[in-house]
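Step one of this worksheet: look at the structure below.
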Amino acid sequence: MSEAATNQPVWDGGSLPAGVIVGQGVVIRGTAALQRFRSQHADGLTVGESSTLDGVQFSVGPQGRIRIGRFCCLTNAILMCDEQINIGDYVLIGWNVVIADTDFHPLAPAQRVADAVACSPIGNDRSRPNVECRPVSIGSDVFIGPNATILKGVRIGDGAWIEPGSVVTRDVAVGAHVGGNPAKVIALQDGESVR
Amino acid sequence: MNRTIAGDWHDGVIPENVVMHPGCYVETSYSFHLCRSRRAQGVVLGEGCSAYLGCMFDIGERGSFKAGRCTLLNGLWLICDSNVSIGDYGLVSWNVVIMDNYRAPRDAAARRAMLHRFAASREPASLAPVDAKPVSIGNNVWIGFDCCILPGTVIEDGAVIGARSVVSGHVPAYAVYAGNPARFVRRLVNEELRAD
C-alpha cells in the first residue's frame, strides 16, 4: 500500500482513457473507477496534484466534466456527472458518498414514460427527453462524512463540514456545519449555535 | 490457527490479533486490510458471529472492536481508534457506518497538514485519529441499512434503528429510533420483547 508514490502507475486499472488529465502524484485505485467514464471533453476529468481517489467510481456522460483540486482524498465515493462537478483543494470525502449533478430522469409523469421506454431494451435507440442538470460545486477544505449525498445544483462553500449520512439539497455557506436529511445548519463558521 | 480463508477473492490473511470464537464466519480477509490495531485483541468476533463481504474494519493502532455471540455483520464499515463494541444477537445491515471519530480535525489548517502527510505516505495511519469517543451497542440490537452511528453513541439492549438513520447520543433499551437525525419513534411493547 505504501509504495504507491513514485514508480507505480497512476491507475491500477490500466492506462488512463482520453479526457482524463492528472497532476503529479495522483493515485487512482480500483479497476471500476473509469468504467463508466464517457465524457467527450478533452478535459472530462481533471485531478490536481497529489490527490488520492481510492475506490471512487466515476459515471460521466458525454457532456460531463469533473474537476478535482489538489491534495484531495476521496474514498469509495460515487460521482455521477452529466454536466459539471467541481471540487476544490484539500477536500476529504468519505465512504459511500454520492455526488450527482442530475436526477437522471424527468419529473413529469408523461416524460418519465417516454424516458422509461427510451432506456428499455425495446427502446430502439429512441432519444430520451431532456433531463435537467445543474452543476455541483464544492469549495476547498470541505469535509464530507461517509454515506452523505450531494444533490444537483448544490454549492458548498469553502471549509464546510458535512456530517455523515447528510442529504444536501441546498447550498451550504462558507464554513458552515450541516447535517440531517434534508441537511440543515448545525453551526456557523465561528461555532455560533443556530438554535 | 489458519489465517487464510478458503476461496477468498483477496490474497490476504486475517491478522493474528483478530480473535475468532468457534463457529464464527469471515467471508474475506479484505475486510481486515485496514486493520492496524496493535492491541492484543484488535478484533473479537464471538461464537457464531459472521462478517460478510461488505465489512471493512478500519481500526487504528489503539483501536479495538468486539462483536458478541451470533451477531450478524452484513456490511459494517467501522472506523475505530478507541473501543467499539456490539453485544450478542446483533443484526447489522449493509453499508452501516459505525465510527468512534471523524478521522479529520475540525480545523481546516490542521486538515490541510494531515492531507499533506497522507499524500506523502499514502498510509491510512496518517489520517490521524482525533478525539475518539467509544461507541457501545448492547445485546439484541438491530441496525437497518445505510445507518451512521456517530462517535460517543450508546445504544442499549433490544433497540431498533431504522434504515438510513444517523444516530448520535443515547438510545434507550427496547426503543425504536429512526430518521436523520434519529429520533424516538416508539417503545417495543411487552409481547414483542418475549424471545420465545
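For the range A:57-97, the alpha-carbon coordinates run over 26, 20, 9 Å along the three principal axes, in decreasing order. Applying the Karplus relation 6.51 cos²θ - 1.76 cosθ + 1.60 with θ = phi - 60° to the range A:130-136 yields 3J(HN,Hα) values of 5, 10, 5, 10, 9, x, 10 Hz, where x marks Gly and Pro. The eigenvalues of the Cα gyration tensor, multiplied by 5 and square-rooted, give the protein assembly as shown an equivalent ellipsoid with semi-axes of 34, 26, 23 Å from largest to smallest.
Given Cα pairs under 8 Å that are at least 6 residues apart, what percent is the relative contact order of the range A:18-187? The partial results should precede the final answer.
Values: 510 pairs, mean separation 24.3, N = 170.
Reported as a whole number, the value is 14 percent.
Ordering A:Ile68, A:Phe58, A:Ser137 by Cα displacement along the dipole of the range A:18-187 toward the positive end leaves A:Phe58 in first place; charges were set at the Cβ atoms of Lys, Arg (+1) and Asp, Glu (-1).
State the dimensionless ratio Rg/Rh of chain A (Rg: radius of gyration of Cα atoms; Rh: Kirkwood radius). Taking Rh as the inverse mean 1/r over Cα pairs, Rg/Rh reads 1.01.
Label separation (B:Asn139 vs B:Arg106): 3.8 nm, computed from points 7 Å beyond Cα along the C-beta direction. Amide hydrogen proximity for B:Ile155: with H placed 1.01 Å from N in the peptide plane, the residues at 5 or more positions away or on another chain lying under 5 Å are B:Ser136, B:Ile137, B:Gly138, B:Val171. Taking the Cβ-Cβ separation of A:Val174 and B:Ser121 as r and a Förster radius of 30 Å, what is the calculated FRET efficiency to the nearest 0.05? That gives a FRET efficiency of 0.50. Charges were assigned to the Cβ only: +1 to each Lys and Arg, -1 to each Asp and Glu. The resulting dipole of the range B:102-147 about its Cα centre is roughly 200 debye. Taking amide H atoms as placed 1.01 Å from N in the peptide plane, the amide H of A:Val22 lies under 5 Å from those of A:Val47, each 5 or more residues away in sequence or on another chain. When the Cα positions of B:Val26, B:Thr4, B:Thr71 are compared along the charge dipole of the range B:1-77, B:Thr71 comes out farthest toward the positive end, with charges on each C-beta of Lys, Arg, Asp and Glu.
Once backbone amide H atoms are built at 1.01 Å from N, B:Tyr25 has B:Cys49, B:Ser50, B:Ala51 as its partners under 5 Å, excluding neighbours fewer than 5 places away on the same chain.
Expressed in whole Å with the largest first, what are the equivalent ellipsoid semi-axes of chain B derived from the C-alpha gyration tensor as the square root of 5 times each eigenvalue?
28, 23, 13
Please enumerate, by chain and number, the lysines with C-alpha under 21 Å from the C-alpha of B:Lys66, excluding those fewer than 8 residues away in the same chain. Output for B:Lys66: B:Lys133.
Note that the range A:153-166 has calculated 3J(HN,Hα) couplings of x, 6, 10, 10, x, 3, x, 6, 10, 9, 5, x, x, 5 Hz, one per residue in order, obtained from phi through the Karplus relation 6.51 cos²θ - 1.76 cosθ + 1.60 (θ = phi - 60°); glycine and proline are x.
In sequence order, the range A:65-80 has phi-based couplings of 8, 10, 10, 10, x, 8, 6, 8, 9, 10, 10, 6, 8, 10, 10, 10 Hz under the Karplus curve 6.51 cos²θ - 1.76 cosθ + 1.60, θ = phi - 60°, and Gly or Pro positions carry x.
Under the convention that each Lys and Arg Cβ holds +1 and each Asp and Glu Cβ holds -1, the size of the dipole of the protein assembly as shown around its Cα centre is about 420 debye.
Of all aspartates and glutamates in the structure, those lying under 14 Å Cα to Cα from A:Lys184, and not within fewer than 8 positions of it along the same chain, are A:Glu163, A:Asp171. Estimated from helices alone, the mean residue ellipticity of chain A at 222 nm is -1500 deg cm²/dmol (sum of -39500 (n - 2.57) over DSSP H runs with n ≥ 4, per residue). Computed from the C-beta positions of B:Asn2 and A:Ser15 and an R0 of 30 Å, the FRET efficiency is 0.20 to the nearest 0.05. Largest mean-square fluctuation among B:Val43, B:Val141, B:Val19, in a Gaussian network model of chain B whose springs join Cα atoms under 10 Å apart, belongs to B:Val19. Distance between the modelled labels on A:Ala108 and A:Asp43, one decimal in nanometres: 3.5 nm (7 Å Cα→Cβ projection). Computed on chain B, with alpha-carbon pairs under 8 angstrom and 6+ residues apart, the relative contact order is 12 percent.
Readers should treat all values here as calculations from the given coordinates under stated rules, not as data from a laboratory. All values reported here derive from a predicted model rather than from experimental measurement. Cβ sites come from the backbone with ideal geometry, for glycine too, and all protein chains shown count toward neighbours.
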